1. Please build a GNM for the chain, connecting alpha carbons under 10 Å apart, and tell me which residue among Arg112, Arg157, Arg16 fluctuates the most.
2. Considering only the other residues whose Cβ falls under 15 Å of the Cβ of Ala118, what net charge follows from Lys and Arg at +1 and Asp and Glu at -1?
3. Which value, in Å², gives the accessible area per residue of the chain when a 1.4 Å probe is used on the protein heavy atoms?
4. Mind listing the long-range amide H neighbours of Ala284? Cut-off is under 5 Å, sequence gap 5 or more, other chains count too, H placed in the peptide plane at 1.01 Å from N.
5. What percent antiparallel are the DSSP beta bridges of the chain, to the nearest 5?
6. Please list 3J(HN,Hα) in residue order for the range 28-44, calculated via the Karplus relation 6.51 cos²θ - 1.76 cosθ + 1.60 where θ = phi - 60°; whole Hz, with x for glycine and proline.
7. Tell me the GluC sites (Glu not before Pro) within the range 44-139 that lie in a loop according to DSSP and have at most 16 other beta-carbon atoms within 10 Å.
8. Would you mind putting 217-229, 2-14 in packing order, based on average other-beta-carbon counts within 10 Å, highest first?
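The values are calculated or read from the model by the stated rules, or taken from the named source; none is laboratory data. Fair warning: this is a prediction, and the values are worked out from it, not measured in the lab. FYI the Cβ positions are ideal-geometry reconstructions off the backbone, even for glycines, and counts take in every protein chain you see. Accessible surface is based on the protein model in full, side chains and every heavy atom, while ligands, DNA and RNA are left aside. Shrake-Rupley method; radii C 1.70, N 1.55, O 1.52, S 1.80 Å.
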Amino acid sequence: MKKKKHLENQVENFRRIEKELGDTEDLIALAEELEDESEAADIVKNYHALEDEMEELRTAMLLRGKYDANDCILSIHAGTGGVDAMDWAEMLERMYLRYCDKKGFQAKIIDRQDDTEAGIKSSTIVIEGDNAYGLLKCEHGVHRLVRISPFNSAGKRQTSFAAVEVVPEMEDLEVEINMSDLRIDTFRSTGAGGQHVNTTDSAIRITHLPTGIVVTCQNERSQLRNKEVALRILSSKLQQLAEEEHKESINELKGEMNQVTWGSQIRSYVFQPYTMVKDHRTGAEVGNIQSVMDGAIDTFIRAKLSLDAKERMTE
């Protein structure tokens, strides 16, 4: 039923845009006949809005993955770069929250590890919305920051890194987790919250010993709820890992961590000596770095989806 509704929404949007384009054509003819400049200005404005909607629909047409329509879990981890990397991780967190707000997605931070000096060590966000995973999967990888560091007294340029991990939230989980493979730790929540959250050991950290995958949840009100959310996220990560590695059993999975450092980045964000955001996979570039940091990342997402579609056609 969810898939049916998703497809019906796409068809409905297509028909609505098609009708509005026809109406726009009629209005153009009328404005020309009446020589009405104010009406013409409104038509141009509405047409640009339709163009944006058509781009959204084109992007949706590129999503053909098994889990593309699903909600997703996005995690950010600070990498090489010291305090700058922690600050960079927090900047990325803000960027994705802004992006979700623009798209109308519901974003909930379920775990956040603050650094003692500035920024964050890690953050995990559950994002709900149509095609949330299909769009945000393009952000999976290492993101590189180049700027004059506010934490460097000499005012030198600093390069720092942060890793973004995106996995789909799966409803019909096929994996079976052996509880003996898990180490479950409880600790006191460090985030903002009610008096119960901050005075009891309600936060949960689950480690899957065979793969080394660690999942933490601390923003729910009870230890039981935190454990449920953490197990759901762990299951989604393990199922995706099993599918990527073509393994039939979770027991066959082994952990493999890539370094979050030089040479592994998918995108560079340069603040000085010039401003430029460049995606190294597609070559897409944006000069207005502030708009990107405010969540305008559609250019990069569409470029990556188009590249993936072309590669599928040549296979």
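1. Taking springs between Cα atoms under 10 Å, the residue moving most is Arg16.
2. Value of the local net charge: -3.
3. With all protein chains present, the chain gives 55 Å² per residue.
4. Excluding prolines and chain starts, which carry no amide H, the hits are Asp279.
5. Restricted to the chain, the bridges split so that about 90 percent are antiparallel.
6. Rounded to whole hertz, the list is 4, 4, 5, 5, 5, 5, 8, 6, 9, 6, 5, 5, 4, 5, 5, 5, 4.
7. Glu117
8. 217-229, 2-14
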